[in-house]
1. When the residues of the stretch 54-77 are filtered to those that are open to solvent by less than 70 Å² (accessible area, probe 1.4 Å) and assigned to a helix (DSSP H, G or I), which remaining residue is farthest from residue 159 (Cα to Cα)?
2. Would you check if residue 138 is modelled with pLDDT under 65, under 18 Å from the mean Cα position of the chain (by Cα) and surrounded by 13 or more Cβ atoms within 10 Å (Cβ to Cβ)?
3. Could you tell me whether residue 144 is at pLDDT 90 or above, outside any helix (DSSP H, G or I), of a type in the set (A, V, I, L, M) and surrounded by 13 or more Cβ atoms within 10 Å (Cβ to Cβ)?
4. Across the stretch 152-168, what is the total count of residues that are closer than 16 Å to residue 47 by Cα and in contact with a strand residue (DSSP E or B) (Cβ under 6 Å, 6 or more places away or on another chain)?
5. Considering each of 126, 162 in turn, give the residue that is buried (at least 19 other Cβ atoms within 10 Å of the Cβ) and either modelled with pLDDT of 95 or more or of a type outside the set (Phe, Trp, Tyr) (or both).
6. Can you report the number of residues in the stretch 25-46 which are part of a loop (DSSP other than H, G, I, E, B) and either within 19 Å of residue 192 (Cα to Cα) or modelled with pLDDT under 95 (or both)?
7. Look through the stretch 78-105, keep the residues that are closer than 27 Å to residue 159 by Cβ and open to solvent by less than 20 Å² (accessible area, probe 1.4 Å), and return whichever of them is modelled with the highest pLDDT.
8. Return yes when residue 131 is at pLDDT 95 or above, over 24 Å from residue 10 (Cα atoms), open to solvent by 40 Å² or more (accessible area, probe 1.4 Å) and not charged (D, E, K, R) and no when it is not.
Amino acid sequence: MTSLTLVAHALTPALRGLVLGGDTAPDPAGVEAARELKIVAGEVYAGPETAALATASALGLSPVVVPALRDREYGDWTGRELEELLEASPGAVATWLERPHTAPPGGETENDVITRVADWLGDLTHSASAGVFGGSGAVDDGPVDNGGRGQADLRTVAAVVHPAVVRAAVLYVLDAPAESLRHVDVRPLSVVRLSAHAGSWSLTFG
């Protein structure tokens, strides 16, 4: 079985200001708050954003950067505030907000993000079934209570990513349509746990 802990990176000025995309450093207060979290795993990955890497560092983790875990791509709208876009192109932006299966000019749809995150999750289960447990310089979490089966049966993975990636993973695991994204609020430093058994992913509580 694979246990995956997803951590949304710390708050950034872009998230606070509803700026689409870009790569801004996290707020210092958010980085300090991340130090209070305890995340341990045998493998650690991160999206390529500065905030994801800074958050992982604050957690004491040394992740492998995975391009597939990047934030949604917004094309021509990258770096622009949502309010500004609504004033400049109200029709196009309103349609995009109401129909997340559409894409900004030159950008990705929500389904595109879900698909690439799903592909990465599939790669994780494939490598687990093949017995490939790549090291990432992460902290090992020692013996695990796994119903008496022992640590060898449980693969522990963590990924520090943009909140949009956490949301995409949740939508995929729940087999929910892209339109459901408005009902999944992932805040900075949120922690979501997933587990995979026999290639099938589930949300894990407790």
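1. So, considering only residues that are open to solvent by less than 70 Å² (accessible area, probe 1.4 Å) and assigned to a helix (DSSP H, G or I), the one farthest from residue 159 (Cα to Cα) is 77.
2. Values: modelled with pLDDT under 65: yes; under 18 Å from the mean Cα position of the chain (by Cα): yes; surrounded by 13 or more Cβ atoms within 10 Å (Cβ to Cβ): yes.
The answer is yes for residue 138.
3. Working: at pLDDT 90 or above: no; outside any helix (DSSP H, G or I): yes; of a type in the set (A, V, I, L, M): yes; surrounded by 13 or more Cβ atoms within 10 Å (Cβ to Cβ): yes.
Taking the combined requirement at face value, the residue does not satisfy it.
4. To start, the set of residues in the stretch 152-168 that are closer than 16 Å to residue 47 by Cα comprises 157-168.
Checking the rest, the ones that are also in contact with a strand residue (DSSP E or B) (Cβ under 6 Å, 6 or more places away or on another chain) come to 157-160, 163, 166.
Number satisfying all stated conditions: 6.
5. Details: 126 fails: buried (at least 19 other Cβ atoms within 10 Å of the Cβ).
So the residue among 126, 162 that is buried (at least 19 other Cβ atoms within 10 Å of the Cβ) and either modelled with pLDDT of 95 or more or of a type outside the set (Phe, Trp, Tyr) (or both) is 162.
6. Going through the stretch 25-46, the residues part of a loop (DSSP other than H, G, I, E, B) turn out to be 25-27, 35-42.
From what's left, either within 19 Å of residue 192 (Cα to Cα) or modelled with pLDDT under 95 (or both): 35-42.
The total comes to 8.
7. Looking at the filtered set, the residue picked out is 104.
8. Working: at pLDDT 95 or above: no; over 24 Å from residue 10 (Cα atoms): yes; open to solvent by 40 Å² or more (accessible area, probe 1.4 Å): yes; not charged (D, E, K, R): yes.
Here the answer is no, as residue 131 does not meet what is asked.
The values are calculated or read from the model by the stated rules, or taken from the named source; none is laboratory data. All values reported here derive from a predicted model rather than from experimental measurement. Virtual Cβ from ideal backbone geometry, glycine too; neighbours counted across all protein chains shown. Calculation scope for accessible area: heavy atoms of the full protein, side chains included, ligands and nucleic acids excluded. Shrake-Rupley method; radii C 1.70, N 1.55, O 1.52, S 1.80 Å.
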